[in-house]
Amino acid sequence: MGAFDAGSKRTFHLYARAWAEWILEQEGLEIEAELSGEFQVIARTTDVLLRVRDKTGRRFLALIELQTRYDSYMPLRLAAYAALAREKYHQDVYVTVLYLLSPPEGVAIPEYYHSEFNGQVSHQDFDVIRLWELEAEEALALNNPFLLPFVPLMEGGDTPETLRMAVARIRRESEPEELEILLGFFATL
């Protein structure tokens, strides 16, 4: 089989334009370059990747990206991260991006990556959490320590009273130091 595979690949290299025109059903194509088809591991790291099991026993991956500011390439990056996680772990992936700060005026944050080219479609949905739209009081009521440092970035979270409530709640945690440092940092933003 190896000889047939090698021989077939050789004809692709020798007659690249003819192959491309036949496969794409288009004449008059110009091959600008033959690129290496060898894909090495690309250094890609998402912020959080968790294997999760829900109440029904279904297992999946939760991919979470934290992003301080708007990034127009985020949809493409999330699609890549999801594809790489799917390939590596052979499981479905639930994708979320958490934006800390609002985008520039007039910029809408997309909630999916979508590309259509030559009849082929690539699509990846993802959840977008806009931290500045969350109510600080509601976050404090959830009693979730993860949310506490982010309170200053939430709606109503920059008032002295709300910040004092967040600090008091943080200090009830078993290891409050890191949470308090993050709260202070986010309060400067």
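Residue-by-condition table, conditions (1) modelled with pLDDT under 80; (2) part of a loop (DSSP other than H, G, I, E, B); (3) surrounded by fewer than 11 Cβ atoms within 10 Å (Cβ to Cβ):
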position	(1), (2), (3)
Ala3	yes, no, yes
Ala6	yes, no, yes
Thr11	yes, no, no
Ala18	yes, no, no
Ile23	yes, no, yes
Gln26	yes, yes, yes
Ser36	yes, yes, yes
Gly57	no, yes, yes
Arg77	no, no, no
Exercise for the section: State which residue is nearest to Phe186 (Cα to Cα) when the search covers only the stretch 48-82 and only residues that are touching a residue at least 12 places away in the same chain (Cβ under 8 Å) and small (Gly, Ala, Ser). Expected result: Ala62
Fill in the blank from the handout: Among Glu116, Glu133, the single one that is closer than 20 Å to Ser102 by Cβ and out of contact with any Phe, Trp or Tyr (no Cβ under 7 Å at 6 or more places or on another chain) is Glu133
Problem - Of residues in the stretch 115-131 being hydrophobic (A, V, I, L, M, F, W, C) and touching a residue at least 12 places away in the same chain (Cβ under 8 Å), the one nearest to Leu147 (Cα to Cα) - result: Leu131
Exercise for the section: Name every residue in the stretch 69-98 that is polar (S, T, N, Q) and within 13 Å of the chain's Cα centre (by Cα), in order of residue number. Expected result: Ser72, Thr96
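Could you tell me whether the stretch 116-123 includes any residue that is open to solvent by less than 40 Å² (accessible area, probe 1.4 Å) and more than 16 Å from the chain's Cα centre (by Cα)?
Residues of the stretch 116-123 that are open to solvent by less than 40 Å² (accessible area, probe 1.4 Å), as a first pass: none.
Checking the stretch 116-123: not a single residue is open to solvent by less than 40 Å² (accessible area, probe 1.4 Å) and more than 16 Å from the chain's Cα centre (by Cα).
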Practice task
Mind counting the residues in the stretch 151-189 that are hydroxyl-bearing (Ser, Thr, Tyr) and over 17 Å from Ala141 (Cβ atoms)?
Solution key: 2
Practice task
Please determine, by comparing only the residues of the stretch 157-185 that are outside any helix (DSSP H, G or I) and open to solvent by 40 Å² or more (accessible area, probe 1.4 Å), which one is nearest to Leu131 (Cα to Cα).
Solution key: Asp158
Practice task
Enumerate the pairs (first residue in the stretch 132-146 and over 13 Å from Ile170 (Cα atoms); second residue anywhere and among the polar types (S, T, N, Q) and not in a helix (DSSP H, G or I)) with beta-carbon separation below 9 Å, excluding pairs fewer than 6 apart on the same chain, so at least 6 apart or on different chains.
Solution key: Trp132/Ser102; Glu133/Ser102; Ala136/Thr159
Completion exercise
Scanning the stretch 83-109 residue by residue, those closer than 10 Å to Leu49 by Cβ, surrounded by 15 or more Cβ atoms within 10 Å (Cβ to Cβ) and out of contact with any helix residue (DSSP H, G or I) (no Cβ under 9 Å at 6 or more places or on another chain) turn out to be Leu84, Ala85
Practice task
For the stretch 154-173, indicate whether the set of residues that are within 22 Å of Asp71 (Cβ to Cβ) and either among the hydrophobic types (A, V, I, L, M, F, W, C) or in contact (Cβ under 8 Å) with a residue 24 or more places away in the chain (or both) is non-empty.
Solution key: yes
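The values are calculated or read from the model by the stated rules, or taken from the named source; none is laboratory data. Quick caveat: nothing in here was measured; it's all calculated off a predicted structure. With ideal geometry, Cβ positions are generated from the backbone for all residues, glycine too; neighbour counts draw on all protein chains shown. All accessible areas refer to the heavy atoms of the entire protein, side chains included, with ligands and DNA or RNA removed. Shrake-Rupley method; radii C 1.70, N 1.55, O 1.52, S 1.80 Å.
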